[in-house]
1. Indicate the gyration tensor shape class of the chain (rounded, prolate or oblate), computed on the Cα atoms with a ≥ b ≥ c the square roots of the eigenvalues: a/c under 1.5 is rounded; otherwise a/b larger than b/c is prolate and the rest oblate.
2. Cα gyration tensor of the range 1-101, axes a ≥ b ≥ c as square roots of the eigenvalues: rounded (a/c below 1.5), prolate (a/b > b/c) or oblate?
3. By a straight-distance test (C-alpha under 30 Å), which lysines pair with LYS114 as possible cross-link partners, with residues fewer than eight away in the same chain excluded?
4. Would you compute, from DSSP H runs of 4+ residues alone, the mean residue ellipticity of the chain at 222 nm, taking -39500 (n - 2.57) per run and dividing by the full residue count, rounded to the nearest 500?
5. Summarise the long-distance tail of P(r) for the range 101-193 by giving the % of C-alpha pairs beyond 15 Å.
6. Report the label-to-label distance for ARG17 and TRP212 in nanometres (one decimal), using points 7 Å from each Cα along the Cα→Cβ vector.
7. Pick from PRO106, PRO77, PRO179: which residue has the top mean-square fluctuation in a GNM of the chain where Cα pairs under 10 Å get a spring?
8. Kyte-Doolittle cut-off -0.5, length cut-off 24 Å along the helix's own axis using Cα: show which whole DSSP H helices in the chain pass.
Amino acid sequence: MDVSEAVKRRMSVRAFRAEAPSGEVIREILDLAKGAPSGGNLQPWRVYALAGEPLADLKTLVAATPMETPEYDVYPPDLWEPFRTRRFQCGEDLYASIGVPREDRPARLRQLAKNLDFFGAPVGLFFCLDRKLGPPQWSDVGMYMQNLMLLAVERGLDTCAQEFWARYPRTVGGFIGLPDDHMLFSGMALGYRDETAPINGWRTRRDPFDAWCEMRGFEAASG
């Protein structure tokens, strides 16, 4: 599989099979992902990988824990256009794929709560960084995560990045033994996609190229 194919296949999978990849494979892709760029080679990422009993114990813990105050805003308050419409459309398409109407708030909350189970994935990952670092290092962690997601696809695996876990910073931090000078940025579900699940049958929409890119100084395309 080449990089273009991996980019096209990668999606946020929200239903996984119970089959677990080997620890050897997980270690391999976590290690290879460290080739991500980082300014000044700071390598700001700190990663915790859970499976088996530790993952089950965490799921039990968070299932009985109220949501906490996040340490950062996943989205800016009062989201504006075009971002507001993009987020709204994403949610509408997701819930439409599983037949949940907008007015059925309990069903929507039940779907949201599946984040706590990593959507059934057998591997849960957490990405953290020193809280004194700034936005450039946050972007470096994001590039590490993208490397990881594409490497997973190459090996027949799938992922779902979950900033949802920012809602449980103290509980997750305490469970994984995160140092006080570090903060939780994101979680990620990893495993084998359930191809039969309707929620995995749709893709988020993308704006056309000319809506977000300007090319200057290039020769006009021929043909």
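Nothing in this text is a laboratory measurement; each read-out follows from the coordinates by a stated rule. Predicted model, so just to flag it, every value in this text is computed and none were measured. Backbone-built Cβ (ideal geometry, glycine too); neighbour counts: all protein chains shown.
1. rounded
2. Numbers: a/c = 1.37, a/b = 1.22, b/c = 1.13.
Rounded, because the longest to shortest axis ratio a/c is under 1.5.
3. LYS8, LYS34, LYS59
4. Details: 7 runs with 81 residues, N = 223.
Per the formula, -11000 deg cm²/dmol.
5. Values: 2776 of 4278 pairs.
Considering the range 101-193, 65 percent of its Cα-Cα pairs are separated by more than 15 Å.
6. With each label placed 7 Å out from Cα toward Cβ, I get 3.2 nm.
7. Of PRO106, PRO77, PRO179, the Gaussian network model singles out PRO77 as fluctuating most.
8. Values: long enough: 135-154 (29 Å, 0.16).
Result, helices passing both filters: 135-154.
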